[in-house]
1. Of all the strands (runs of 3 or more DSSP E) wholly in the stretch 196-258, which have at least 1 residues that are more than 27 Å from residue 46 (Cβ to Cβ) and touching a residue at least 12 places away in the same chain (Cβ under 8 Å)?
2. Go through the stretch 70-97 and give me each residue that's touching a residue at least 12 places away in the same chain (Cβ under 8 Å), closer than 13 Å to residue 294 by Cβ and not hydrophobic (A, V, I, L, M, F, W, C).
3. Just one of the numbered conditions (1) farther than 19 Å from residue 20 by Cβ; (2) not in a loop (DSSP other than H, G, I, E, B); (3) not basic (Lys, Arg) is not true of residue 97; which one?
4. I'd like the full set of residues that are part of a loop (DSSP other than H, G, I, E, B) and within 23 Å of residue 60 (Cβ to Cβ), limited to the stretch 12-28.
5. State yes or no: is residue 59 part of a loop (DSSP other than H, G, I, E, B), under 25 Å from residue 206 (Cα atoms) and modelled with pLDDT of 95 or more?
6. Within the stretch 156-190, how many residues are buried (at least 17 other Cβ atoms within 10 Å of the Cβ), out of contact with any Ser or Thr (no Cβ under 9 Å at 6 or more places or on another chain) and within 21 Å of residue 291 (Cβ to Cβ)?
7. What about residue 277, is it surrounded by 21 or more Cβ atoms within 10 Å (Cβ to Cβ) and closer than 30 Å to residue 137 by Cα?
8. If residue 146 satisfies every condition in (1) in contact (Cβ under 8 Å) with a residue 60 or more places away in the chain; (2) touching a Ser or Thr at 6+ places or on another chain (Cβ under 9 Å) but one, which is the exception?
Amino acid sequence: MNVVPRVTRIGGTKDQLGESPVWDERTQTLYWIDSLAGLIRKLSPATGAIEEFRVPAPIGSLALAHNDGAVLALRHGFAYYDFSRQRLTMGPPIGLDHPMLRLNDGKVDPFGRFVAGTMHGGRADDERPLGGLYRIDASGALEHLETDLAVTNGPCFSPDGRIFYLADTARRVIWAYDYRREGPLANRRIFADTEALGSGADGATVDAEGYLWTVLVRIGAIARFAPDGTMVHRIDMPVRHPTSVTFGGPSLDVLYVTSISRSTNLSDDAPDAGGLFAVEDLGVTGLPAQRFDAR
């Protein structure tokens, strides 16, 4: 991949913990969150206009729904947000109320269901993580798909929907699973071990060629992995702690990147820290975001 990408900061927003960017093809706008501030932001790149919506903090992730609202992963459960009415409706809880456990990153699967995992901080070395990976559908039915995940990040799917990728940032590994409409996750295997890169993987997305893009949150970089798990490209970012990525723009050829200024355990005093960035001239395109089948 012989490209020289162009990285630009977009606007002047400054997130404590920017996360979960998602492109809305219908309105040609970008949504993302400041997790610790309990804030959803909406950017119109054509005009530079930004709208903001307040929700309970912390918010782990969001995904857009077919009804033009969004499904949210909040601290200990899921919720639905109506942007036109600015109204929050609580959904199913995960059934765990622990002060160091909260829901984190999530994506919609190929069948319209929201899949999100937890992060369990402050554990003793011999303490097994609580929570894991959960999936909810339009009826509010909740499934517990996976356990023993310390910091869940980067859920995403291959273009045909048959492979599910999931990172445990604390363990510095990205897993791959076989995925289907019904039944449990299957055939877990290591997709990429990022220990040698000096960072766990954070937010991720898959491009139209089936390559996985993920943030290396502790070394200020973005990596592109081939379907066989080989890293084929690295982009160094102008901030210390980028957090998540998504493709957007009219041609889905702009990689939008969120970042940290001051989270619970990472900080960056650089002027652009916590900013939103656009990476262009990559020579690849992304895939449209799946939407949640809200009722």
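1. 201-206, 212-216, 221-225, 231-236
2. 80, 81, 82, 91
3. For residue 97, the exception is condition (2).
4. 13, 14, 15, 16
5. Against the criterion (part of a loop (DSSP other than H, G, I, E, B), under 25 Å from residue 206 (Cα atoms) and modelled with pLDDT of 95 or more), residue 59 qualifies.
6. 3
7. So residue 277 does not fit the description; no.
8. Going through the list (1) in contact (Cβ under 8 Å) with a residue 60 or more places away in the chain; (2) touching a Ser or Thr at 6+ places or on another chain (Cβ under 9 Å), residue 146 breaks only (1).
The values are calculated or read from the model by the stated rules, or taken from the named source; none is laboratory data. Fair warning: this is a prediction, and the values are worked out from it, not measured in the lab. Counting neighbours? That spans all protein chains shown, and the Cβs are built from the backbone with ideal geometry, glycine included.
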